[in-house]
Amino acid sequence: MNPSNIIRFVAATLIATLATVAHSATPAELLAGFSAQAGAAPSPDRGQQLFTTRQGREWSCASCHGVVPTQTGKHATTGKPIGAMAPAFNPERFTDAAKTEKWFRRNCNDVVGRECSAAEKADVLSWLLTLKP
Amino acid sequence: MSHRFRVLRAVLGLIVGLGLAHAVLADDGSRAPQVPLLPAYQQECAACHVAYPPGMLPAASWQRVMGNLSHHYGTDASLDPAAAKAISAWLSANAGTYKRVREEPPEDRITRSAWFVRKHDEVPAAAWKRPVVKSASNCAACHAQADQGDFNERNVRIPR
């Protein structure tokens with residue numbers, strides 16, 4: 001490998017690492033971010049209400065994730081298993097900011113017919129974090 | 001062995017071989033050649049459903065599906081533009097081109113393709129409605145190895 005290739009390789013590795021670091025997060029950090037954006041403390045009760053009840057459309061969050069999302073859920077149309085949503089039961093959940101935003105955007109569109117507010121995301125996540133084994 | 005016999009045998013072998021290859025590749029989507037799945041396709045699309053083999057729809061159908069992800073069979077499956085572009089290019093490159101898959105099925109649904117309907121005509125109507133099956137899009141309910149692209153009839157178990 002010639003020196004310019006080595007530099008290129010090191011640069012690419014650095015960028016890839018930084019990109020990963022930029023995305024990775026903990027559920028608590030994401031919750032803090034949503035709460036700060038909302039400018040109010042989250043309410044786990046409101047989160048549970050939003051998660052488990054229909055919002056004037058066909059599906060609630062619970063339709064696919066289950067009323068108590070501590071177990072594997074099931075896609076309402078395709079039947080595909082969906083891993084538990086509560087972070088205590090599935091350590092992958094809410095550890096990637098971009099992934100979290102993507103799914104909130106899509107699924108709120110399906111359930112509520114619009115994107116969720118930062119306050120609503122904080123409420124839901126705060127409730128999910130109360131679910132412990 | 002005479003020279004003439006050897007030539008004859010080689011020609012016969014070639015004809016049989018070509019015939020088998022034709023049967024395997026040209027029949028329909030369930031025998032589509034398996035291609036390794038693009039990691040982004042696996043990650044983004046197979047989160048909600050089986051990673052449908054790209055060879056089961058023609059390129060024109062995939063293009064329409066990928067062009068309207070925010071209205072994806074009743075759900076919002078929108079992606080960031082970079083991921084959508086990469087997946088779209090891969091699907092087009094690996095789309096079905098052999099005769100029965102060339103037709104664009106109604107609503108671009110694999111399950112509405114003539115070959116799909118014909119292949120499943122012996123499945124009783126009640127089986128489709130069982131809660132563990134629910135929808136024809138739930139391949140894995142009966143095709144246990146669907147997530148690996150294996151739709152071989154020998155591995156089918158219709159749940160009771």
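The numbers here are math on the coordinates, done by the rules we state, and not lab data. A quick note: this is a predicted structure, and the numbers were derived from the prediction, not measured. Counting neighbours? That spans all protein chains shown, and the Cβs are built from the backbone with ideal geometry, glycine included.
So the values come out like this:
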item	result
Under 18 Å from the Cα of B:K134 - aspartates and glutamates, other chains or at least 8 residues apart	A:E58, B:D121, B:E122, B:D147
Footprinting exposure proxy for A:S117, B:S88 (fewest neighbouring C-beta atoms within 10 Å first)	A:S117, B:S88
Between the range B:52-75 and the range B:88-149, the Cα center-to-center distance that results, in Å	13
Estimated FRET transfer efficiency (A:K99, B:Q63; beta-carbon r; R0 22 Å; 0.05)	0.25
Length-normalised contact order of the range A:21-92 in % [C-alpha pairs under 8 Å, at least 6 apart]	16
Other protein chain Cβ atoms within 10 Å, averaged over every residue that makes up A:69-80	5
Selection from A:W127, A:Q37, A:G113, by position along the positive dipole direction of the range A:26-128 (Cβ)	A:G113
All aspartates and glutamates inside 15 Å of B:K99 as judged from Cα atoms, apart from same-chain residues fewer than 8 positions distant	B:D27, B:D28
